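Worksheet: one structure, shown below.
The values are calculated or read from the model by the stated rules, or taken from the named source; none is laboratory data. Predicted, not measured: the structure shown is a model, and the values here were computed from it. Don't worry about glycine lacking a Cβ; one is built from the backbone with ideal geometry, like all the others, and counts go over all protein chains shown. To get the accessible areas, we keep the full protein, side chains included, count just its heavy atoms, and leave off ligands, DNA and RNA. Shrake-Rupley method; radii C 1.70, N 1.55, O 1.52, S 1.80 Å.
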Amino acid sequence: MNWVTVIWSMGSGACLTLALIHFVVWWKDRTARTNLVFSVMAIAVAAFAALELAMMRAQTPEQFGIAVRWLHVPVWVIVVSLVIFVRLYLNAGRRWLAWAVVGVRTLSLILNFILSPNINYREITALRHVSFFGESVSVVARGAPNPWMLVAQLSLLLLVIFVVDATIAVWRRGDRRQALMVGGSILLFTMAGAVEGITITWGFISMPLTASLFYQGLVVVMACELSFDLLRAAALARQLQASEASMGESEERFRIVANAAPVLIWMAGVDKLCTFFNKPWLEFTGRSMEQEMGNGWADGVHPSDLQRCLRIYTEAFDARQSFVMQYRLRRHDGEYRWISDQGVARYDTHENFAGYIGSCVDVTELINKDAELRESEERMRLAADAVNLGIWEWDLDKDEIWATNSRRALLGWPTSGKVGFEDFISCVHPDDRNRIQEAIDDAINKHKDYDSEYRLVLPDGVVRWMATRGSLHLNANGRPTRLLGVTIDITARKQAELETKQQRDELGHLSRVAAMGELAASIAHELNQPLAGITSNASAGQRFIDRGDVDLRELHDLLGDIVSDGRRAGDVIRGLQSMVKKAAPNRQQVNLNELVTNVARMVNPNAVLQSCNVETLLDPNLPAIEADPIQLQQVLLNLVINAFDAMSDTLAPNRKVVIATERNGHGTIRTSVRDYGTGIPEETRERLFEQFFTTKAKGLGMGLAIVRSIVESHGGTIAAENADDGVGARFHFILPVNGGPPE
Amino acid sequence: MIPPNSLVFLIDDDASVRKGVSRLLRSAGYKSEAFESASDFLKREQHVGPACMIVDVRMPGIDGMDLQEALIQHRRQEQLVFITGHGDISMCAHAMKAGAVDFLSKPFRDDELLQCVERALLRSAEERQRTAERNNARELLNLLTPREFEVMQLVITGMLNKQIAGELGTAEKTVKVHRGRAMQKLRVTSVAELVRLVEKAGITLAEGHKTKV
């Protein structure tokens, strides 16, 4: 035993061991081709070392030559293995260079076996023994180098170029450690081996070939690399396991969240089949996860929606696009509910398409409401058009007016396009513009409703009367943002009003005369009081004089009283005249309470005659209203006298008339006259306010008609009803505080 | 003729009427007091002489008719003359039935009113006289013991002492004593005088005794 044998044997053995290990690795995982290549190379290196040993032990030049020839087989294997290793492991190196290396090397191997004794030597004539690590080994003593050996050298040169090229590529790619370790060691050890081989063969030095040592170094480096890879793989596997575990956890979390979500959630895999439904979904459909899985969910979709639903789903799925669709889905109670389903593609952590996920909400109420809204809007539009009602909305911020089409057409506005306040005001009659502007400003500034009447001058020059009502909309901060309202054509009404006005004045006169007749008792009483005072005073005066006991001061006072009583009687007469004469309406501030009190006093004598109580119930905080006092007095007188007449069949103790005033809200005052008579028969109630309609034997049928015309000329309304407690009737009229339309 | 200590009350809500009528009454020598409403009048304490009231029928609050009723209920002796701005026959009849002196329409003639006032005051005075006599008679009757009263009741029906004793189940002698004592207490000397006294007192006799005759 000596060192050379020991070292070379051990080297071979180590190589074989590594080869075996990596072969097993490859055996377990056939994709690990790198390990197989390494294994083959390691075997080749072992063979190389064995042949080197054979060279050193050669006794004859023939033996030596044969050993050298066979040496080229493992070299070829090593070179080819290296090329493949670089390609596989470093994933670099030019393909043509690789083929060139393998080609030239193969050529050299062929030449090696053609030429004798081998490609290195033309002939080996003598061997000599030299001492090497304390052992005598054979080296070539005399031999002629074979020029064909250059082919083999060329292949090594090409290998070097190939490896350098690959190493640079790997270096540039950023894997510098790999480039240094693998590329660098291949270069170092192959070049070292080649240089040694050349120098020995060409006889520059005389020593045995030890290239196997370099190749063994290469094997060690490569084995290390591959071992690192194995370690890395193991680490990766552990990480993978860990990440898979965490993925499992996050999936669980997802399920909890999905089940708690207030929406229906489904998930589908890449094959379009559903893989998951959350609890709300299952509760909604009342079916189990197993029933819904795959395409099971489609059973619950309304048959007439199913085709459309599947088409949208499939198309979106194939295009990986999000989709939203509505369909009817059967609920657990059998009712089909409208569902809005929104699906999006989902991707895993590696950005790989993983299927779809979708969420659904029950939108039945919304859809119903939407439909209702559309319907009611349509109905409203039709109704508005039918009664020639214009609906409009004015956006204060943008100064933009929206109006129904019929209204736009009326004003000559284009059917579309922006219209502002200026467009509107320019259509208003010039005399009404300021008033309208003020009314609108007032509404906006005081946050109240807008209500006015005005004239429009239409594009063809025709003037139409309009009545409009608008309500102000405030935003969350209480700032007015919109004015919304309706406008109606009241031209016909205005004309009728004008025509009836004269008629009404005429009738008003007649009725005043008639009322005076009915008030004869009252008038008499009003006159009799001062007359009684006058006659008493005058008689007293006469008696004083007759008695001859005249106190002049007393007489003076007495005459003064007579004078004032005379004036008082004169006032009564004048009041009567004003009732009778055709006076033009005279609007002024009127306190309704005073008016009622006066009328109550005026009718008192009538009340006494008819054994009837007249009571007043007055609201003490009544604002003054703008009205014609004489006309209103007439209204009240008429109503009260009617009340008396209605109680002719009532027992005297029960005869009572109650006149009440009260604020009615909305800036109006309600005045009512209630009697305890027979009430209003149902069949006459509707005709009550008609002209020439009467239930009285001597009636003209004018009273209530005139009463109504007066009330309406004050912008008010009048109505009659039977009292709640079933006894008697109540007439009430409501007047606006700010007066009616000017006459 | 104006009865002594007489007073005229005027109740009318109209100031002109109050002033004029007050003056008229004064010119005729009557003392008068005027009130705007019946309730004002009722606050005044009752006058202790002949009294006449001129009352407007229609007034706010208590009206003339109500006042009349109230006075009757309190057995007051004021005599009422109604005045009104309008003559109403049914009301007039009602007032007269309830004892009003008269019912005048405004404007009235001065002597018409003054005559009414005079008549009313005289009637009031008479009424007062009658009341005074009745009260006097009643006081005397109250002096009798129950037995004497019983005997007296039977005496005025014209029974003899003997009959009375039979009626009451007692001795004739006893009846005679009671009768004498009663006559003495009532200060009468004859049965005729006794009957007049009982009439003045306005007492109706118990029915029971008559039926037992």
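Can you tell me which residue in segment B:78-95 is farthest from the other protein chains (Cβ to nearest Cβ), limited to those that are loosely packed, with under 14 Cβ neighbours inside 10 Å and among the hydrophobic types (A, V, I, L, M, F, W, C)?
Step by step, filter segment B:78-95, then rank; the result is B:Ala93.
Suppose we filter A:Val164, A:Val195 for residues that are over 60 Å from the mean Cα position of the chain (by Cα), open to solvent by 40 Å² or more (accessible area, probe 1.4 Å) and farther than 30 Å from A:Phe64 by Cα; which single one remains?
When all the criteria are applied, what remains is A:Val164.
In segment B:29-58, which residues are surrounded by 21 or more Cβ atoms within 10 Å (Cβ to Cβ) and either among the aliphatic types (A, V, I, L, M) or without any contact (Cβ under 8 Å) to a residue 12 or more places away in the chain (or both)?
Once the filter is applied, which keeps residues that are surrounded by 21 or more Cβ atoms within 10 Å (Cβ to Cβ) and either among the aliphatic types (A, V, I, L, M) or without any contact (Cβ under 8 Å) to a residue 12 or more places away in the chain (or both), segment B:29-58 yields B:Ala38, B:Ala51, B:Met53, B:Ile54, B:Val55, B:Val57.
Sort through A:Asp460, A:Asp451, A:Asp489 and tell me the only one that's over 16 Å from A:Leu389 (Cα atoms) and either charged (D, E, K, R) or outside the structural domain of A:Leu410 (by TED's automatic domain parsing) (or both).
Matching residue, one of A:Asp460, A:Asp451, A:Asp489: A:Asp460.
Being surrounded by fewer than 19 Cβ atoms within 10 Å (Cβ to Cβ), in contact (Cβ under 8 Å) with a residue 24 or more places away in the chain and more than 14 Å from chain A (Cβ to nearest Cβ) narrows it down to one of B:Arg128, B:Arg75, so name that one.
Only one candidate passes the filter, namely B:Arg128.
Taking segment A:65-115, which residues are in contact with a strand residue (DSSP E or B) (Cβ under 8 Å, 6 or more places away or on another chain) and among the small types (Gly, Ala, Ser)?
A:Gly65
Does at least one position in segment A:582-602 carry a residue that is open to solvent by 40 Å² or more (accessible area, probe 1.4 Å), at pLDDT 85 or above and within 14 Å of another protein chain (Cβ to nearest Cβ)?
yes
Which residue is farthest from B:Thr84 (Cα to Cα), if the candidates are limited to segment B:1-28 and must be open to solvent by 40 Å² or more (accessible area, probe 1.4 Å) and either free of Cβ contacts under 8 Å to residues at least 12 places away in the same chain or within 13 Å of chain A (Cβ to nearest Cβ) (or both)? Please lay out each step first, then the result.
At the first step, the residues of segment B:1-28 found to be open to solvent by 40 Å² or more (accessible area, probe 1.4 Å) are B:1-2, B:4-5, B:13, B:15, B:18-19, B:26.
With the extra rule that they be either free of Cβ contacts under 8 Å to residues at least 12 places away in the same chain or within 13 Å of chain A (Cβ to nearest Cβ) (or both), the set shrinks to B:13, B:15, B:18-19, B:26.
Details: B:Asp13: 11, B:Ala15: 14, B:Arg18: 13, B:Lys19: 16, B:Arg26: 21 Å.
Per the criteria, the residue is B:Arg26.
Quick check: anything in segment A:356-366 surrounded by 11 or more Cβ atoms within 10 Å (Cβ to Cβ) and out of contact with any strand residue (DSSP E or B) (no Cβ under 6 Å at 6 or more places or on another chain)?
yes
Scan segment A:448-462 and give yes if some residue there is open to solvent by 30 Å² or more (accessible area, probe 1.4 Å) and within 33 Å of the chain's Cα centre (by Cα), otherwise no.
Looking through segment A:448-462, at least one residue is open to solvent by 30 Å² or more (accessible area, probe 1.4 Å) and within 33 Å of the chain's Cα centre (by Cα).
Take A:Val257 and decide whether it is part of a loop (DSSP other than H, G, I, E, B), aliphatic (A, V, I, L, M) and open to solvent by 30 Å² or more (accessible area, probe 1.4 Å). Give the steps one after another, and end with the answer.
On the way: part of a loop (DSSP other than H, G, I, E, B): no; aliphatic (A, V, I, L, M): yes; open to solvent by 30 Å² or more (accessible area, probe 1.4 Å): yes.
Spelling it out, it is not the case that A:Val257 is part of a loop (DSSP other than H, G, I, E, B), aliphatic (A, V, I, L, M) and open to solvent by 30 Å² or more (accessible area, probe 1.4 Å).
Which residue pairs have Cβ atoms closer than 8 Å, lie 6 or more positions apart in sequence or on different chains, and pair a first residue in segment A:367-386 that is open to solvent by less than 100 Å² (accessible area, probe 1.4 Å) with a second residue that is in a helix (DSSP H, G or I)?
A:Ala384/A:Ser406; A:Asp385/A:Ser406
I'd like the residue in segment B:96-109 that is open to solvent by less than 30 Å² (accessible area, probe 1.4 Å) and modelled with pLDDT of 85 or more and, out of all such residues, is nearest to the other protein chains (Cβ to nearest Cβ).
It comes out as B:Phe108.
Consider only pairs whose beta carbons are under 8 Å apart and that are at least six residues apart or on different chains; among these, list those whose first residue lies in segment A:430-443 and is free of Cβ contacts under 8 Å to residues at least 12 places away in the same chain and whose second residue is assigned to a helix (DSSP H, G or I) and surrounded by 12 or more Cβ atoms within 10 Å (Cβ to Cβ).
Close Cβ pairs (under 8 Å, with a partner that is assigned to a helix (DSSP H, G or I) and surrounded by 12 or more Cβ atoms within 10 Å (Cβ to Cβ)) amount to A:Arg433/A:Ile425.
What strands (runs of 3 or more DSSP E) completely inside segment A:613-682 contain at least 2 residues that are over 55 Å from the mean Cα position of the chain (by Cα) and not assigned by TED's automatic domain parsing to the domain that holds A:Val711?
Fully inside segment A:613-682 and qualifying: nothing.
Kindly indicate whether any position in segment A:324-338 is open to solvent by 80 Å² or more (accessible area, probe 1.4 Å), of a type in the set (Val, Ile, Thr) and within 25 Å of A:Gly286 (Cα to Cα).
yes
Count, please, the residues in segment A:529-546 that happen to be more than 7 Å from chain B (Cβ to nearest Cβ) and without any contact (Cβ under 8 Å) to a residue 12 or more places away in the chain.
Qualifying residue count for the region: 3.
Report every pair of residues separated by at least 6 positions or lying on different chains whose Cβ atoms are under 8 Å apart, first residue within segment A:346-365 and on the phi > 0 side of the Ramachandran plot and assigned by TED's automatic domain parsing to the domain that holds A:Ala319, second in a strand (DSSP E or B) and of a type outside the set (S, T, N, Q).
Here the result reads A:Gly355/A:Met267; A:Gly355/A:Ala268; A:Gly355/A:Ala345; A:Gly355/A:Arg346, each pair linking segment A:346-365 to a residue that is in a strand (DSSP E or B) and of a type outside the set (S, T, N, Q).
Of the residues A:Ser304, A:Ser322, which single one is under 24 Å from the mean Cα position of the chain (by Cα), closer than 30 Å to A:Asp370 by Cα and hydroxyl-bearing (Ser, Thr, Tyr)?
Exactly one of A:Ser304, A:Ser322 is under 24 Å from the mean Cα position of the chain (by Cα), closer than 30 Å to A:Asp370 by Cα and hydroxyl-bearing (Ser, Thr, Tyr), namely A:Ser322.
Given the conditions (1) among the acidic types (Asp, Glu); (2) over 19 Å from A:Val45 (Cα atoms); (3) open to solvent by less than 80 Å² (accessible area, probe 1.4 Å), report the number of the one that A:Glu225 does not fulfil.
(2)
Please determine whether any residue of segment A:422-433 is within 39 Å of the chain's Cα centre (by Cα), open to solvent by 80 Å² or more (accessible area, probe 1.4 Å) and in the same structural domain as A:Ala383 (by TED's automatic domain parsing). It would help to see each step written out before you state the result.
In the first step, residues of segment A:422-433 are kept if they are within 39 Å of the chain's Cα centre (by Cα); the result is A:422-425.
This time we only want the ones that are open to solvent by 80 Å² or more (accessible area, probe 1.4 Å), so: A:422.
Keeping just the survivors that are in the same structural domain as A:Ala383 (by TED's automatic domain parsing) gives A:422.
Yes, segment A:422-433 has at least one match.
With (1) touching a Pro at 6+ places or on another chain (Cβ under 7 Å); (2) within 30 Å of A:Asn537 (Cβ to Cβ) as the list, and B:Pro107 as the residue in question, which single condition is left unmet?
Condition (1) is where B:Pro107 drops out.
Is it fair to say A:Arg128 is exposed (fewer than 15 other Cβ atoms within 10 Å of the Cβ) and either modelled with pLDDT of 90 or more or in contact with a Pro (Cβ under 9 Å, 6 or more places away or on another chain) (or both)?
Working: exposed (fewer than 15 other Cβ atoms within 10 Å of the Cβ): yes; either modelled with pLDDT of 90 or more or in contact with a Pro (Cβ under 9 Å, 6 or more places away or on another chain) (or both): no.
It is false that A:Arg128 is exposed (fewer than 15 other Cβ atoms within 10 Å of the Cβ) and either modelled with pLDDT of 90 or more or in contact with a Pro (Cβ under 9 Å, 6 or more places away or on another chain) (or both).
Just to be sure before I move on: is B:Asp102 more than 22 Å from the chain's Cα centre (by Cα), without any contact (Cβ under 8 Å) to a residue 60 or more places away in the chain and on the phi < 0 side of the Ramachandran plot in the structure I sent?
No, not satisfied.
Can you find even one residue in segment B:179-190 that is open to solvent by 50 Å² or more (accessible area, probe 1.4 Å), in contact with a Leu (Cβ under 6 Å, 6 or more places away or on another chain) and in a helix (DSSP H, G or I)?
Taking every residue of segment B:179-190 in turn, at least one turns out to be open to solvent by 50 Å² or more (accessible area, probe 1.4 Å), in contact with a Leu (Cβ under 6 Å, 6 or more places away or on another chain) and in a helix (DSSP H, G or I).
Would you point out which residue out of A:Ser426, A:Ser406 is out of contact with any Leu (no Cβ under 8 Å at 6 or more places or on another chain), modelled with pLDDT of 85 or more and polar (S, T, N, Q)?
A:Ser426
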